[in-house]
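First comes the structure, then the notes that go with it.
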Amino acid sequence: MVLHFLKSCCFQKQLPNFKTKKMNNKYQFILFFALCFGLFSCALSRKPLEISASTDQCYTSETGHIYDSLLAVQKSSYDTVGGGVLVSKRFSRRATAIAKDINVYPILCEYVRMESQADKDNIKFLLVRQELSQRIALANNDLTSSLAEIACEKARMMEAKSSLDGWINRSVARVTVASIVAGAAATIAASAVSLAEGENQTEQSIAIAGAVVGTYLGFKALVNKRKIHFMHPRNHLQDFWEEKAHSRIFSPIIWNFVSKTFTLKGESTNGKKEVIKKWASSNLLTKGDAKDARKEALLMGAGGAYSSDELGVRINMFEGIEAEIDLIKYDLKRLQQELILGK
């Protein structure tokens, strides 16, 4: 009864002008294939997704660097020669280095010189100590604000990635359903032709068409390459990648720290170089690799159409920067501890 209905609806009513079975069967094949193509074509749109998180920017103060502890410190006439000898005895190498990075070394020299005079109740000594403590606190705040911006950028990327992954999952589900429907429709149509007309050629043609459509849909589900627009005109990765002498994004305190040369495993390096090495060793992005040219242009530019994997790469690269900046916290804490307790 069902097959009789399919035959009467699909083959007789829709094709009144076809006189021969041969033409009838050919039309049925073409119609079936066209219907299947229309079923899945809308689900395979290539238009990149757009959401607010992928275009909004994290709020930053354009005048923030004016209040940076490195720029705010005044030139002093403190003796850094005689005081420097005392500092090297009173403080560790790392505490001394971070004092230079945040530009409080002259004040530290004066503090140690006055401390050595054993006149800790002197009002001038107390004022120098207070200024030194305030500068270190301001450096901590500078560090916190930069890390907050990085955390905000990571949150944007994670939200964009989550939206894209959800979009892809829904698309894959629709394509999977379309594949099942196409296969089922092909089987039913082929069976209807076989039973109604007793011919194998049309039945085989419809079965082949259904198999082709089902296979294509399954393949599209596996290689879904949908993307999302993600813009970053304020690009934190670029300053590290290009190893700039000065940064317009990161605080001078941070940039002094990551630009400072040190020896690691017998080689001269700095924080910027180490971040780039970690990106390469983690297969995120390798400098000078022709295979990464397109990815480099995307990551180091102002933004564009990102895949889910590319957003994952960018998130991991930000985590490498975040880990490097976090090292400053350890050195600042050490300077504060030694200031209070000594080595």
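Laboratory data are not the source of any read-out in this text; all were calculated from the coordinates shown. Treat the numbers as computed from the prediction; the structure is a model and nothing was measured. In this analysis, Cβ positions are derived from the backbone assuming ideal geometry, glycine residues included, and neighbour counts consider all displayed protein chains.
Observations on the model:
- Unit charges on C-beta of K, R, D, E only; dipole of segment 230-338, Debye: 140 debye
- Segment 230-292 - charge dipole about Cα centre, Lys and Arg +1 at Cβ, Asp and Glu -1, debye rounded to 20: 100 debye
- Length gained on full extension, SER52 to ALA293, computed as 0.36 nm times the residue gap minus the Cα-Cα distance: 84.0 nm.
- Sequence-distant aspartates and glutamates (8 or more away, or on other chains) whose Cα lies within less than 14 Å of LYS124: GLU110, GLU115
- At most 15 other Cβ within 10 Å, DSSP loop - GluC sites (Glu not before Pro), segment 242-343: GLU242, GLU243
- Straight-line reach from LYS227: taking Cα to Cα under 20 Å and skipping same-chain neighbours fewer than 8 places apart, the aspartates and glutamates in range are GLU50, ASP56, GLU153, GLU159, ASP165, ASP292, GLU296, ASP309, GLU310.
- Estimated translational diffusion coefficient (Stokes-Einstein, Kirkwood radius over Cα pairs, 10 °C, 1.306 mPa s) of segment 230-338: 106 µm² per second.
- Square roots of five times the Cα gyration tensor eigenvalues for segment 97-176, Å: 55, 10, 7
- If you count Lys pairs in segment 230-338 whose Cα atoms are under 12 Å apart, skipping same-chain pairs closer than 8 places in sequence, the total is 8.
- Backbone amide hydrogens, once placed in the peptide plane, bring LEU49 within less than 5 Å of LYS227, ILE228, HIS229, excluding anything fewer than 5 places away on its chain.
- Entry note, segment 230-338: relative contact order of 33 percent, from Cα contacts under 8 Å with a spacing of 6+ residues.
- ³J(HN,Hα), Karplus 6.51/-1.76/1.60, whole Hz, each residue of segment 246-262, x for Gly, Pro: 10, 10, 8, 10, 8, 4, x, 4, 5, 5, 4, 5, 6, 8, 5, 7, 8
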